[in-house]
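What follows is one structure encoded as structure tokens, with my remarks underneath.
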Ligand SMILES: [Zn+2]
């Protein structure tokens with residue numbers, strides 16, 4: 001029959017913050033898009049029974065490293081993403097302006113995962129853990145901007161890591177200005193890594209423009225903490241948020257502290273986006289994946305709807321894709337995550353080796369990518 005859909009996700013609790021939906025709904029997919037939402041949606045070639053599960057827009061991980069075999073950080077997107085509900089993975093600066101086309105050709109184009117990327121201000125990106133801007137010939141605002149503009153299908157903007165020693169003796173404030181110049185030249189956002197910076201956070205974020213992104217916003221290192229000596233969020237962070245700067249988690253191996261996160265949220269400053277910073281050195285813990293990172297915020301007291309929103313709708317807006325990604329309205333991309341909210345006792349560890357005993361955990365049960373069933377399992381994703 002004419003209106004038969006390709007995939008029907010039935011009986012789940014649909015949470016679609018963009019459309020204000022939190023209710024039991026079926027979702028039908030056809031020709032790679034959401035074709036209907038509601039009840040009694042007719043026949044389907046394939047059905048996912050999502051009873052007891054959450055049906056949410058395909059997760060968008062705003063901070064990942066997927067340039068496998070070129071960077072020490074790179075993981076295989078198509079191994080991790082299907083089983084964790086991440087349909088869009090945003091590589092943040094693993095490739096730089098010298099080797100960006102390699103990321104496109106050898107990773108983005110052959111992957112089933114939708115991959116977008118920020119281009120590193122360092123031409124070589126992140127081949128190794130440290131020192132990507134020690135050789136100053138690697139640092140070029142004009143070349144970085146050119147690489148962003150030359151790859152409009154995949155490149156979102158500029159990435160720079162500002163930590164002690166990234167440019168040898170170079171002052172991080174000077175490197176930031178070069179990064180801003182690159183982002184101004186291509187008229188795209190700048191994502192700034194602020195963990196382990198040896199200057200106060202205010203010296204960095206006061207220069208950021210609307211749409212720029214502070215990643216590792218709740219890291220636990222000094223002197224660049226978002227929390228001051230009184231336990232409050234610094235005024236420059238509030239001012240940055242007011243003018244449209246985005247504060248992203250980027251959990252990572254060393255960049256997320258429960259203590260900082262708690263203090264910020266108690267002060268009324270939740271993160272805008274929840275991302276994993278998944279890479280080789282944290283995929284076996286403490287990060288594991290994006291649903292585990294989201295679970296940490298649930299157990300810090302953030303509501304389920306707010307957690308889902310920060311891994312779907314909010315990152316979709318940050319990457320200027322809120323028209324087709326991050327929601328499940330009719331016509332949206334056919335990217336869906338089916339998650340189970342497990343209850344029990346779960347040990348969840350931050351980057352400071354602090355363990356939170358959580359009562360809830362999000363686990364992916366199925367994922368749909370481009371309107372087709374991508375992965376389905378009733379077993380635990382890990383642990
Ligand atoms: Zn990272």
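Key figures for this structure:
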read-out: Boolean, residue 131 is surrounded by fewer than 24 Cβ atoms within 10 Å (Cβ to Cβ) and within 16 Å of the ligand (Cβ to nearest atom); value: yes
read-out: Unmet requirement for residue 292, which otherwise passes all of (1) in contact with a strand residue (DSSP E or B) (Cβ under 8 Å, 6 or more places away or on another chain); (2) closer than 21 Å to residue 218 by Cα; (3) in a loop (DSSP other than H, G, I, E, B); value: (3)
read-out: Those residues of the range 134-157 which are free of Cβ contacts under 8 Å to residues at least 60 places away in the same chain and within 15 Å of the ligand (Cβ to nearest atom), in sequence order; value: 157
read-out: Any chance residue 348 is within 13 Å of residue 85 (Cα to Cα) and either outside any loop (DSSP other than H, G, I, E, B) or not assigned by TED's automatic domain parsing to the domain that holds residue 237 (or both); value: no
read-out: Matching entry among 231, 261 (being at positive phi, away from the ligand (no atom under 16 Å from the Cβ) and out of contact with any strand residue (DSSP E or B) (no Cβ under 9 Å at 6 or more places or on another chain)); value: 231
read-out: Failed criterion for residue 187 (all others in (1) under 26 Å from residue 353 (Cα atoms); (2) surrounded by fewer than 17 Cβ atoms within 10 Å (Cβ to Cβ) hold); value: (1)
read-out: Some residue of the range 302-325 being surrounded by fewer than 23 Cβ atoms within 10 Å (Cβ to Cβ) and either over 20 Å from the mean Cα position of the chain (by Cα) or modelled with pLDDT under 95 (or both); value: no
read-out: Matching residues, the range 273-297, being surrounded by fewer than 21 Cβ atoms within 10 Å (Cβ to Cβ) and over 17 Å from residue 352 (Cβ atoms); value: 280, 283, 284
read-out: Hey, residue 47 within 16 Å of the ligand (Cβ to nearest atom), within 24 Å of residue 327 (Cα to Cα) and assigned to a strand (DSSP E or B) or not; value: no
read-out: Positions within the range 194-210 being free of Cβ contacts under 8 Å to residues at least 60 places away in the same chain and not in a helix (DSSP H, G or I), in sequence order; value: 194, 196, 197, 198, 199, 200, 206, 207, 208, 209, 210
read-out: Condition broken by residue 120, with the remaining ones in (1) out of contact with any helix residue (DSSP H, G or I) (no Cβ under 8 Å at 6 or more places or on another chain); (2) within 16 Å of the ligand (Cβ to nearest atom); (3) under 13 Å from residue 175 (Cα atoms) satisfied; value: (1)
read-out: Flag if residue 126 is within 15 Å of the ligand (Cβ to nearest atom), buried (at least 22 other Cβ atoms within 10 Å of the Cβ) and assigned to a loop (DSSP other than H, G, I, E, B); value: yes
read-out: Residue 358 being surrounded by 15 or more Cβ atoms within 10 Å (Cβ to Cβ), in a strand (DSSP E or B) and either outside the structural domain of residue 24 (by TED's automatic domain parsing) or more than 20 Å from the chain's Cα centre (by Cα) (or both); value: yes
read-out: Index of the failed condition, residue 24 passing every other in (1) within 16 Å of the ligand (Cβ to nearest atom); (2) free of Cβ contacts under 8 Å to residues at least 24 places away in the same chain; value: (1)
read-out: All positions within the range 101-117 that are within 16 Å of the ligand (Cβ to nearest atom) and either within 17 Å of residue 191 (Cα to Cα) or in contact with a helix residue (DSSP H, G or I) (Cβ under 6 Å, 6 or more places away or on another chain) (or both); value: 115, 116, 117
read-out: Test result for residue 167, under 23 Å from residue 98 (Cα atoms) and either in contact with a helix residue (DSSP H, G or I) (Cβ under 7 Å, 6 or more places away or on another chain) or not in a loop (DSSP other than H, G, I, E, B) (or both); value: yes
read-out: Complete set of residues in the range 264-282 that are within 16 Å of the ligand (Cβ to nearest atom) and either in a loop (DSSP other than H, G, I, E, B) or farther than 30 Å from residue 67 by Cα (or both); value: 271, 274, 275, 276, 277, 279, 280, 281, 282
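The values are calculated or read from the model by the stated rules, or taken from the named source; none is laboratory data. Remember, predicted model here, so these are calculated numbers, not experimental data. As a convention, Cβ positions derive from the backbone with ideal geometry for all residues, glycine included, and neighbour counts pool all protein chains shown.
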